[in-house]
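Readers should treat all values here as calculations from the given coordinates under stated rules, not as data from a laboratory. Just so it is clear, the structure is predicted and the values come from calculations on it, not from any experiment. Positions of Cβ are generated from backbone atoms using ideal geometry, with glycine treated the same way; all protein chains shown enter the neighbour counts.
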Amino acid sequence: MIEEFIKTHNLPNFRLKQFNQQFYKESIKNFGDLSTWPKDLRDKLATEVDFMDLELEKEYISKNKDTIKVLFRRKVDNQRIETVLMKHRDGRNTVCVSCMVGCPVNCTFCATGKMGFGGNLSAKEIVDQVMYFQRQLHEQDDKVTNIVFMGMGEPMLNLPEVEKSIEVFTNPDKLGMSSRRLTISTSGYVPQLKKLIDDGFKGRVAISLHAPNQELREKLMPVAKLFPLEKLIEALDDYVEITNKRISYEYVMIKDVNDLPEHANQLADLFEDRLAHINLIPYNPIAERDFQRTTNNHLREFTRILTKRKIHYTIRQTMGDDVNAACGQLADRANKKHQAKKISG
Ligand code: SF4
């Protein structure tokens, strides 16, 4: 990254400040626009450092234009990843970033999991995804307001690079976002989640839950065998006790699999005395699997039970499903399947 260039060339500290100001705050589009640096230094920078480590392959825009999905190619190995910008009606612009090529966790309902695992992204590649949209929005006098680590990959299995990218997002000299606007989602890697919290993460935590009992969770998410629901909830209770922060639980609703009244009641048993919010996400069908989206009737009955039992929930508005950009749909369909390195358990 830029720090290395500054160090190698023994440049004074103010050069880094100038760089950060123009790169992150003014969203320059190439190093030639770094007008606070002398031309020879800019040229040297452009020769030695890549402006982005990702190359744009394709942009897909949803019919109603509220969602943009971008296919990037990694310069380092030509593998592809996807990133999504969601423009919400309330003015939020949320970037859903990927932290891996594919994912080794292999949740049964997820297109990314079906790709297998192609490697971890670097912090720079994670930041590149956000800066791509930041530059685009800057031209419209707008900006990225929220970042969610809910794209390809399990953030807890690439924690060092994820944490470095968080530093860039929240450092007041760089992107300077409030950590409250960052959400990290995990399928439930308890030790890594504890480390993230111990390291001082102040953002929001979301748990991919998707089942209200251990047996069903194991069927849908192999990770549940490694970190059983009971242990996961125990660790999250500790987190809530220390931080007094509410945890979001993501629950993809799949017809006749996890969307029946018994599941709603089990979910209520789990959360009725807990500081929790359930995001109900109607399942987005993927070609790789024949699961179906919950029906309106099932959803109505499910939410009736949750309401009656005073469980906080939201039905997540589906965005970008016409361009395969919705939850669980991200996958590089152009590439042949990776050699999957799946977790054991
Ligand atoms: S849901 Fe998340 S953790 Fe599970 S396979 Fe998909 S990307 Fe990986």
Task: Reach of K87 by Cα under 19 Å, taken over lysines that are not fewer than 8 positions away in the same chain - done: K58, K63, K65, K69, K143
Task: Sequence-distant aspartates and glutamates (8 or more away, or on other chains) whose Cα lies within less than 17 Å of K255 - done: E288, D290, E301
Task: Inter-label distance for K225 and D90, nm, one decimal - labels placed 7 Å from Cα along Cα-to-Cβ - done: 4.0
Open item on the list: Please give the Cα centre distance for segment 179-205 versus segment 250-286, rounded to the nearest Å.
Closed with: 22
TODO: Could you compute the FRET efficiency for H277 and Q140, with r as their C-beta to C-beta distance and R0 at 41 Å, rounded to 0.05?
DONE: 0.85
Open item on the list: On C-alpha positions alone, give me the angle between the axis of helix 123-138 and the longest principal axis of the chain, in degrees, nearest 10.
Closed with: 80
- [ ] Return one number: the angle in degrees, 0 to 90 and rounded to the nearest 10, between the long axis of the Cα atoms of helix 229-243 and the longest principal axis of the Cα atoms of the chain.
- [x] 60
Open item on the list: I need the calculated FRET efficiency for the pair K75 and K194, taking r as the beta carbon distance and R₀ as 41 Å, to the nearest 0.05.
Closed with: 0.75
TODO: With an 8 Å cut-off on Cα pairs and a minimum separation of 6 or more residues, tell me the relative contact order of the chain in percent.
DONE: 17
Task: Proximal lysines relative to K194, as straight alpha-carbon distance under 29 Å, when same-chain residues fewer than 8 apart are discounted - done: K114, K124, K164, K174, K202, K219, K225, K231, K245, K310, K341, K342
Task: segment 1-143 - percent relative contact order, Cα under 8 Å, separation 6 or more - done: 16
TODO: Run the quick spin-label model on K308 and K7: label points 7 Å from Cα toward the beta carbon, then report their separation in nm to one decimal.
DONE: 6.2
Open item on the list: Give me, ordered by chain and number, the residues 5 or more places off D259 or on other chains with an amide H under 5 Å from its own placed amide H.
Closed with: I254
Task: Beta bridges per DSSP with both ends in the chain, % antiparallel, nearest 5 - done: 50
TODO: Rank by packing, highest mean first: peptides 172-180, 214-222, 9-17, with packing defined as the count of other Cβ atoms within 10 Å averaged across residues.
DONE: 214-222, 172-180, 9-17
- [ ] Compute the length gained on full extension between E215 and E234: take 0.36 nm times their separation in residues and subtract their Cα-Cα distance, giving the result in nm to one decimal.
- [x] 5.1 nm
Task: Summed side-chain charge close to S185 - residues other than S185 whose Cβ falls under 14 Å, Lys, Arg +1, Asp, Glu -1 - done: 0
TODO: Enumerate the residues in segment 290-314 having an amide nitrogen under 16 Å from the point lying 7 Å beyond the Cα of D256 toward its Cβ.
DONE: 290-299
Open item on the list: At a 10 angstrom cut-off on C-beta neighbours, averaged per residue, how do the peptides 59-66, 73-80, 246-253 rank from highest to lowest?
Closed with: 246-253, 73-80, 59-66
- [ ] Rounded to the nearest 10 degrees, what's the angle between the helix 296-308 long axis and the longest principal axis of the chain, both from Cα atoms, 0 to 90?
- [x] 80
